[in-house]
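The structure appears below as structure tokens.
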Amino acid sequence: MVTIENLRICEILSELSDSELEEILPCCREERREKGTIMFREGDEAEAFYILQKGEISIQYVICPQPDYCQDARIVLTRPGDYLGWSSLVKPRRMTASAYCVTDVELVAIDAQGMNQLMEQDSHIGFTIMKELAGSINKRLKEAKGLTFQRIMGSL
């Protein structure tokens, strides 16, 4: 059973009150995935937002610093509360990266349709989540670009 504590450990939900998190609970389900499972691929329809509870997930981005030069950048999620599938919360609701399970994982999956409806109905929940999400995406993008830059500089 998914609890408020399972949601609160996620940084983009951490600023919500207990009563607001309770409103999200009906959209949640527990999921387990085996090592090697592909969670989703870049371009897939984003149907859920996931909060890692246990295990490791690799997120792979394709970054093109120049029009004719692209490289993969990889971020590994390992901490309870790390999240993936943020694309389910923004249009066009298509995954911007690919993800696979490095180990067996336990997740909270939040249904995208239900979550988006809740965010539209309750402007405080929607604003709080989007504000935290924007800052978190910015941080991840910097990490991915930094990894790619290090790889390019190391190959010179």
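Sort Tyr100, Tyr50 by Cβ crowding within 10 Å, fewest neighbours at the top.
Tyr100, Tyr50
Please compute the length gained on full extension between Gln121 and Ile63, using 0.36 nm multiplied by the number of residues separating them and subtracting their Cα-Cα distance.
Here the answer is 17.4 nm.
In debye, nearest 20, what is the charge dipole magnitude of the chain about its Cα centre with +1 on Lys and Arg Cβ and -1 on Asp and Glu Cβ, if you could check?
The calculation lands at about 760 debye.
Sequence neighbours fewer than 8 away in the same chain don't count; with that in mind, list the lysines whose C-alpha is under 23 Å from Lys35.
Within reach: Lys54.
Taking R0 as 25 Å, what's the FRET efficiency between Ile38 and Asp72 from their Cβ-Cβ distance, rounded to 0.05?
The computed FRET efficiency comes out at 0.95.
Describe numerically, in nm with one decimal, the distance between label points set 7 Å from Cα along Cα→Cβ at Glu143 and at Arg79.
Reported label-point gap for Glu143 and Arg79 is 0.8 nm.
Read-outs throughout are calculated quantities, based only on the coordinates presented, and are distinct from any laboratory measurement. Just so you know, these numbers come straight off a predicted model, no measurement behind them. Every residue, glycine among them, receives a Cβ derived from its backbone with ideal geometry; neighbour counts consider all protein chains shown.
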